[in-house]
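The values are calculated or read from the model by the stated rules, or taken from the named source; none is laboratory data. Note that the structure is predicted; figures quoted are calculated from it, not measured. Backbone-built Cβ (ideal geometry, glycine too); neighbour counts: all protein chains shown. For the accessible areas, the whole protein counts, side chains as well, though only heavy atoms, and no ligand, DNA or RNA atoms are used. Shrake-Rupley method; radii C 1.70, N 1.55, O 1.52, S 1.80 Å.
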Amino acid sequence: MTEQARRTKPSKVDLLPEDIKKHLDEMLRDKRFSQGQILDEVNTLILNAGLDEEATISRSGLSRHAQKTEAIGQRLRDLRESTKALTAQLGDKPTGDTTKLILEMARSLLFKATMQQMTNPDEDAAVDVGLLKEVMLACQRLESTAMKAHQREKDIRKAFAEEAATTAEHVATQAGMTADTVAQIKKSILGIV
């Protein structure tokens with residue numbers, strides 16, 4: 001059994017009530033509090049919640065949880081930066097950053113599986129093809145939703161521009177402007193040059 005497959009015993013932090021654990025994580029993210037302050041406040045919350053003193057967390061337990069939380073946060077920050085870099089390279093088509101990232105990741109996985117099969121044809125590919133199919137289907141659905149949202153936004157803007165042009169035409173006519181001036185204002189609002 002590999003180390004990853006082995007199920008570990010949950011830590012005291014993992015066993016905390018959700019509201020206390022949430023408060024602990026918020027304090028860790030805040031950076032204004034020292035671990036000593038966090039430890040005191042969280043242990044007070046634990047005891048005030050009516051939990052046994054054995055449920056309180058130790059300094060080392062808090063430190064392990066803080067390191068784990070920071071590692072996860074760092075991975076998320078790295079992923080966010082990678083996403084920005086990838087989407088900047090992928091262009092400005094009306095698709096979401098998430099869709100672009102997933103498509104690029106799927107391409108990478110396919111390439112990796114293909115290369116592994118070419119270099120070691122006797123070994124199984126490390127890519128779960130079923131999962132890859134589900135991811136690609138999800139990408140297709142995300143892309144479709146993104147395109148519909150983009151089209152809806154364009155339609156709303158067009159309707160607003162037409163309404164504004166009609167109102168401007170009415171006001172300009174009442175103000176005594178010439179038909180050519182009114183037409184020019186309307187064309188300008190509608191974006192027709």
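General remarks:
- Share of carbon and sulfur in the accessible heavy-atom surface of segment 4-82 [1.4 Å probe, %]: 50
- Pairs beyond 29 Å (Cα-Cα), from K133/K154; K22/K148; K12/K133; K21/K133; K31/K84; K154/K187: K133/K154; K22/K148; K12/K133; K21/K133
- The simple Förster model, with R0 at 41 Å and r as the Cβ-Cβ distance, assigns S144 and V171 a FRET efficiency of 0.50.
- Long-range HN-HN contacts of K12 with modeled amide H, under 5 Å: none
- Gained length - R75 relative to E18, 0.36 nm times residue gap less alpha-carbon distance: 18.2 nm
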